[in-house]
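Presented below is the structure to which this report refers.
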Amino acid sequence: MNVPPRQSSRATSGGAKSLQTDLFYPDLRRLPGTSELALLFNRLNEKHFDNKLPPAQVSWSTRLRIAGNCRPDSREIRLSVSYHIHFPEEVEHTLLHEMLHLIYPTHDAAFKRAAEKLGVSINCREYPGVHPRSRFVYICPGCRTVYHRQKRGNISCGKCSGNGYDPRFKLVLQKSPPRTPRVRPTS
Ligand SMILES: [Zn+2]
Ligand SMILES: [Zn+2]
């Protein structure tokens, strides 16, 4: 099982295309449908937020390659099909994380406090194929775990570090992207 590196963001990439979701479509039946997601939203709203969250639209995305995302302004929450095909048991957890974003748009200190109270993590897990375009590959000097990252940064190993960043286990860059500017995907 992967342990996410410290200081990483739940969002790992965006806008990429062609994860072979077709391959997974037979498994879609294992995931709750949109109406069940709406019920789950209501249930979590009642249980954790005293029904105070504004209504939001929850839907599946076959293109999203992070666990989920939330647009607080338009109150739209999307959950990734490809992610939850791998981790169907995390649907509720991801939804709860995204619901918190209706109150706290970013992973700021207030978000983290609320997330900790609810037992909600900031990071999503990695799985084979979720980071085919990862631009940076890091390795832990302690346990040799390999991390795939979309962004450069000072991060330390999630397995070896205690709470928070630990410079003794600062990840070592193995691979970085070519210097030529990339054309950004348009959608
Ligand atoms: Zn988040
Ligand atoms: Zn390590």
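The values are calculated or read from the model by the stated rules, or taken from the named source; none is laboratory data. Computed from a prediction, not measured in an experiment: that's the story for all the values here. Every residue, glycine as well, gets a Cβ built from its backbone with ideal geometry; the counts of neighbours run over all protein chains shown.
Look through Tyr83, Tyr127, Tyr165 and report the one residue that is away from ligand 2 (no atom under 15 Å from the Cβ), modelled with pLDDT of 80 or more, not aliphatic (A, V, I, L, M) and not in a strand (DSSP E or B).
Answer to the check: Tyr83.
State all residues of region 160-174 that are under 14 Å from Tyr138 (Cα atoms) and in contact (Cβ under 8 Å) with a residue 40 or more places away in the chain; if no residue qualifies, say none.
Within region 160-174, just Leu171 meets the criteria.
Give me the residue from region 61-77 that is at pLDDT below 95 and assigned to a strand (DSSP E or B) and, out of that set, farthest from Leu31 (Cα to Cα).
Arg71
Going by what's in this entry, would Arg113 be described as in the same structural domain as Leu31 (by TED's automatic domain parsing), more than 21 Å from Gly158 (Cα to Cα) and not hydroxyl-bearing (Ser, Thr, Tyr)?
Judged against the criteria, Arg113 is not a match.
Which one is surrounded by the fewest Cβ atoms within 10 Å (Cβ to Cβ), of the residues in region 40-75 that are over 20 Å from Ala114 (Cβ atoms) and within 16 Å of ligand 1 (Cβ to nearest atom)?
The qualifying residue surrounded by the fewest Cβ atoms within 10 Å (Cβ to Cβ) is Ser61.
Going through Ser18, Ser13, Ser8 one at a time, which residue ends up being within 16 Å of ligand 2 (Cβ to nearest atom) and at pLDDT below 50?
Every option except Ser8 fails the conditions.
If you go through region 29-45 one residue at a time, do you hit one that is modelled with pLDDT under 80 and not aromatic (Phe, Trp, Tyr)?
Yes, there is a match, as at least one residue in region 29-45 is modelled with pLDDT under 80 and not aromatic (Phe, Trp, Tyr).
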